[in-house]
Amino acid sequence: MICAVTDNKLSIEKSDPGRRGLHAKNPLRAKANVPANLRRKAAPRLPELSEFDVVRHFTRLSRLNFSVDTHFYPLGSCTMKYNPRFNEEAAALEGFSGLHPLAHDVCAQGTLELIHDLSARLVELCGLDAITLQPAAGAHSEFTGLLLAKAYFENKGEARTEIVVPDSAHGTNPATASMMGFTTVNIASKPDGRLDVAELKKHIGPKTAVLMLTVPNTLGIFESNIEEICRVVHEAGALVYMDGANLNALIGMVKPGDLGIDMMHLNFHKTFSTPHGGGGPGAGAIVCRAHLAPFLPVPTVKKEGGKFASDFGDGKSIGKVKAFFGNTGVLVKAYAYMLAHSADELGDIARYSIINANYIRALLKDLYPSYSSEYCMHECVLTPGKDMLDKGLKTLDVAKGLIDRGFHAPTIYFPLIVHEAIMIEPTETESKETLDEFAAAMKDVHDSGVADPQSLKDAPVTLPVKRLDEVQAARQPNLRW
Ligand SMILES: *Cc1c(COP(=O)(O)O)cnc(C)c1O
């Protein structure tokens, strides 16, 4: 539960001139080292506080947050799973963390070998031929993937201008397409979120460059027609891009390359346990077939005569999408995670995430009906039951009620094709006990909401910030509380 708030002043309001922390005599900080013309004319307006005040201030703020280390965090599609501390230890090893980005290949053999081996393992897991680890996240990987497609078609002398995206796609897919200057062609999914092959056939043709397809789709359901879909797209001369952000549902069980796709992206902060956002920079990857490999960003790493070396390709590359080899610290974490699993255990990641999602779905089925009647993969999409909707209760009320019960809210109102969607991704790292506690909280939200709807409309009541006027919060944010 969130700690009680006894103090809501800003650090600048607590400032008391003259207060400060202990100061080691650091010659680098001495004024004399800064040329006079570069020195400030007036002291900066910073809060003057004792060190203890600062520590308390920030520790208190940090405890107002929900995080994977403190709370169950069932944010669908985001895969908020445990980040093993072992990953951090590996990335902090002096040989990796202390390496200068401009070090010559001969001085960076360990890091180059790691990139080479991680690349080979990911290519094998995906059943494809080549990879870049340069992108900094999933969306950046999508951008890189479409750059590859553009270069591929330019090289063939074909002008293709359209990207086909189902209406169930993650928002980054159409956003990437439009950033690249392509026209997005939206196609309606079937009610189960699967791509409608008849619709696809109507919208695909000589202008189509790429179909972007999320697998499993955003309803947590496998695209069972994927082989036929790939055939249809290839017959039109276009490429299939698989949004593989949620490879955690397939890893070790299916090689996406075997399904017929041309390229896919990976999100290391989802499938490979590296921290999201606040944990530092991210990493993604594009894994592709041989026909796209010449266009990959450079450098990649090659092995020659037992040594590892930067490979700058043969001039067809799209160039760089990130400096050097990307965020290599994150790659070390993902590599540590891969090595900590045997080939069989990698399959367990997918198996356990699927079991956990279906367990939640089964526990809640009488109160929060599942959108799809099928078993789900790593996540399930539910909605409030008729008894709640009849009392005017909405998904937003469920989310706010969960916060009062010590749980981060699931993803809500996504996918857009589901009215009042609640998208829950428990991940494979949660125990049965945690899932039971979460289901009990969902039941309590239901029961107290149906008995007294206003109590749920008022939630959250345990946080410093109560129910916000969301429109005003977006238009005129009040950043003080
Ligand atoms: C998370 C996600 C993305 C975007 O990935 P980022 O790393 O957040 O940029 C794209 N598609 C799907 C399906 C996702 O779940």
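Inspect all residues belonging to the stretch 11-19 and state whether any of them is on the phi < 0 side of the Ramachandran plot, within 16 Å of the ligand (Cβ to nearest atom) and either exposed (fewer than 12 other Cβ atoms within 10 Å of the Cβ) or among the basic types (Lys, Arg) (or both).
Within the stretch 11-19, none of the residues are on the phi < 0 side of the Ramachandran plot, within 16 Å of the ligand (Cβ to nearest atom) and either exposed (fewer than 12 other Cβ atoms within 10 Å of the Cβ) or among the basic types (Lys, Arg) (or both).
Would a scan of the stretch 56-68 turn up a residue that is buried (at least 17 other Cβ atoms within 10 Å of the Cβ), touching a residue at least 40 places away in the same chain (Cβ under 8 Å) and in a helix (DSSP H, G or I)?
yes
Return yes when residue 252 is more than 16 Å from the ligand (Cβ to nearest atom) and surrounded by fewer than 17 Cβ atoms within 10 Å (Cβ to Cβ) and no when it is not.
For residue 252, the condition - more than 16 Å from the ligand (Cβ to nearest atom) and surrounded by fewer than 17 Cβ atoms within 10 Å (Cβ to Cβ) - is not met.
Is it true that some residue in the stretch 197-211 is within 16 Å of the ligand (Cβ to nearest atom) and in contact (Cβ under 8 Å) with a residue 40 or more places away in the chain?
The answer is yes; a qualifying residue exists.
For the condition under 24 Å from residue 63 (Cβ atoms), loosely packed, with under 13 Cβ neighbours inside 10 Å and in contact (Cβ under 8 Å) with a residue 24 or more places away in the chain, what is the one hit in 464, 460, 477, 410?
From the options 464, 460, 477, 410, the qualifying one is 464.
Going through the stretch 310-327 one residue at a time, which ones are over 25 Å from the mean Cα position of the chain (by Cα) and in a loop (DSSP other than H, G, I, E, B)?
If the condition is that a residue be over 25 Å from the mean Cα position of the chain (by Cα) and in a loop (DSSP other than H, G, I, E, B), then 312, 313, 314, 315, 316, 317 are the ones that fit.
For the stretch 431-447, enumerate the residues that are touching a residue at least 60 places away in the same chain (Cβ under 8 Å) and either buried (at least 21 other Cβ atoms within 10 Å of the Cβ) or of a type outside the set (Asp, Glu) (or both).
Of everything in the stretch 431-447, those that are touching a residue at least 60 places away in the same chain (Cβ under 8 Å) and either buried (at least 21 other Cβ atoms within 10 Å of the Cβ) or of a type outside the set (Asp, Glu) (or both) turn out to be 432, 434, 435, 438, 439, 442, 443, 446.
Going by the conditions given, is residue 188 more than 13 Å from the ligand (Cβ to nearest atom), more than 23 Å from residue 76 (Cα to Cα) and surrounded by fewer than 16 Cβ atoms within 10 Å (Cβ to Cβ)?
no
For the stretch 127-154, which positions are among the hydrophobic types (A, V, I, L, M, F, W, C) and not in a helix (DSSP H, G or I)?
128, 130, 131, 133, 136, 137
Of all residues in the stretch 127-163, how many are more than 16 Å from the ligand (Cβ to nearest atom) and of a type outside the set (Gly, Ala, Ser)?
Matching residues across the stretch 127-163 total 14.
Which is within 16 Å of the ligand (Cβ to nearest atom), in a helix (DSSP H, G or I) and either assigned by TED's automatic domain parsing to the domain that holds residue 334 or surrounded by 12 or more Cβ atoms within 10 Å (Cβ to Cβ) (or both), of 122, 118?
122
Select, from 277, 260, the only residue that is within 15 Å of the ligand (Cβ to nearest atom) and either free of Cβ contacts under 8 Å to residues at least 40 places away in the same chain or not assigned by TED's automatic domain parsing to the domain that holds residue 197 (or both).
That would be 277, the only listed residue that is within 15 Å of the ligand (Cβ to nearest atom) and either free of Cβ contacts under 8 Å to residues at least 40 places away in the same chain or not assigned by TED's automatic domain parsing to the domain that holds residue 197 (or both).
Scan the stretch 125-171 for residues that are touching a Phe, Trp or Tyr at 6+ places or on another chain (Cβ under 7 Å), surrounded by fewer than 22 Cβ atoms within 10 Å (Cβ to Cβ) and of a type outside the set (S, T, N, Q) and jot them down.
151, 162, listed by residue number.
Consider the stretch 321-365. How many of its residues are farther than 18 Å from residue 251 by Cα and touching a residue at least 12 places away in the same chain (Cβ under 8 Å)?
16
Exactly one of these conditions fails for residue 416: (1) part of a loop (DSSP other than H, G, I, E, B); (2) among the hydrophobic types (A, V, I, L, M, F, W, C); (3) surrounded by 17 or more Cβ atoms within 10 Å (Cβ to Cβ). Give me its number.
So the condition that residue 416 fails would be (3).
Among the residues of the stretch 296-325, count how many are buried (at least 18 other Cβ atoms within 10 Å of the Cβ) and of a type outside the set (A, V, I, L, M).
Here the count works out to 7.
Restricting attention to the stretch 37-55, report how many residues are touching a residue at least 24 places away in the same chain (Cβ under 8 Å) and small (Gly, Ala, Ser).
1
Within the group 285, 238, which residue is within 16 Å of the ligand (Cβ to nearest atom), small (Gly, Ala, Ser) and crowded, with 24+ Cβ neighbours inside 10 Å?
285
Which of the residues belonging to the stretch 254-282 are more than 15 Å from residue 337 (Cα to Cα) and either of a type in the set (Val, Ile, Thr) or modelled with pLDDT of 95 or more (or both)?
Hits for the stretch 254-282 are 254, 255, 256, 257, 258, 259, 260, 261, 262, 263, 264, 265.
So is residue 474 more than 22 Å from residue 80 (Cα to Cα) and at pLDDT below 95 or not?
yes
Pick out the one residue from 235, 223 that is over 21 Å from the mean Cα position of the chain (by Cα) and farther than 15 Å from residue 142 by Cα.
235
The values are calculated or read from the model by the stated rules, or taken from the named source; none is laboratory data. Note that the structure is a prediction, hence the values are computed from the model and not measured. Positions of Cβ are generated from backbone atoms using ideal geometry, with glycine treated the same way; all protein chains shown enter the neighbour counts.
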